[in-house]
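Colleague: Sharing a structure, written as structure tokens. Questions coming.
Any read-out appearing in this document is the output of simple, stated calculations on the displayed coordinates, not a laboratory observation. Being a predicted model, the structure only gives us computed values, none of them experimental. A quick note on method: Cβ atoms are made from the backbone with ideal geometry, for glycine too, and the neighbour counts reach across all protein chains shown.
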Amino acid sequence: MMKLTHARTQMELFVPSPSPPPPPRSSIPSSSSSSRVPPLRTNTTHLKMTPQRPTSCSCSISNSTPPLQIGENGSPSTLSPQIGRIGVVERVTKETNVQVKLNLDGSGVSNSHTGIPFLDHMLDQIASHGLFDVNVKAVGDIHIDDHHTNEDVALAIGTALLQALGDRKGIYRFGDFSAPLDEALVHVALDLSGRPHLSYDLRIPTERVGTYDTQLVEHFFQSLVNTSGMTLHIRQLAGKNSHHIIEATFKAFARALRQATESDPRRLGTVPRSSCTFNLACQGINIDY
């Protein structure tokens, strides 16, 4: 009898004692009891959430929320946002109605209908060799002559370029290219400086190419310079054929503009300028760039 008791005592040293049973339901005070249970305190930290301000886009392209559309099946759908540095302009005067959409980060797609076949051909050169997407629709008084339509198309393209460039952060800013076309050779240098200036030196031997007045070439670039704020130098190095000289000019312009608008990875998103901007009379007018 003593051995059994001793063995049981040894076993109890190694067997953990069972957890105590939960208290009976009657022992938990009810809500109507006079002695209320104090609220349980925990160590949880309550964080104060501060709403975040929306992050602004550093570029001034189309970044608005796409409108909500209702699909054919009745379900809501959202238009895909446009990608790239895009400028959209509509210019309406007594003589013309011009619509321009320019994407600097395009793939060279051209869709231009100005009513002036030779001008459409030159706009194709800007798109193809600059790798810009250029969409131009123009209706003008070409029954009189091409002057107003040629001018207003250039003014609208310059304005679209200005829009698409935005704050110009991170771009190369300068462009320089010489384009040959058979016997013709034309050099173009430009600076997206914000200071409009045109230096033009083409010697086009004929007054017309097809129905296009060759005097309108200079007027086209002068109008584009005025609205884009570009410094542009055009110089003919060689050439005898009027078509070749003009087309080489537009090709060289497209390649120079492509250089100037592309992103400089070493620029790190800053505006390319070497001098400080002087604030004129504290009115926010930048006179140096």
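Colleague: Which order, highest average first, do 239-251, 197-209 follow once you tally other Cβ atoms within 10 Å for each residue and take the mean per peptide?
Modeller: 239-251, 197-209
Colleague: Near LYS137, which aspartates and glutamates are there with a Cα under 18 Å away, not counting those fewer than 8 places off in the same chain?
Modeller: GLU90, GLU95, ASP120, ASP124, ASP145, ASP146, GLU151, ASP152
Colleague: Tell me, what ³J(HN,Hα) does each residue in the stretch 220-236 have, in order and in whole Hz, if you take phi through Karplus 6.51 cos²θ - 1.76 cosθ + 1.60 with θ = phi - 60° and put x for Gly and Pro?
Modeller: So the J values, rounded to whole Hz, are 4, 6, 5, 5, 5, 4, 4, 8, 8, x, 9, 9, 9, 10, 10, 9, 8.
Colleague: Let me ask something additional. How much of the pair distance distribution for the stretch 96-202 lies past 20 Å, counting alpha-carbon pairs only, in percent?
Modeller: The proportion of pairs with Cα distances above 20 Å equals 47 percent.
Colleague: Another question, then. Charges at C-beta only: +1 for Lys and Arg, -1 for Asp and Glu. How large is the resulting dipole of the stretch 88-178 about its Cα centre, in Debye rounded to 20?
Modeller: Charge dipole, the stretch 88-178, about its Cα centre: 380 debye, nearest 20.
Colleague: Name the residues whose placed amide hydrogens come within less than 5 Å of the amide hydrogen of SER110, ignoring near sequence neighbours (fewer than 5 apart) on the same chain.
Modeller: Residues meeting the criterion, in which the H sits 1.01 Å from N, are VAL134.
Colleague: Report the local net charge at MET230: Lys and Arg +1, Asp and Glu -1, summed over other residues whose C-beta lies under 12 Å from its C-beta.
Modeller: Result for the local shell: +2.
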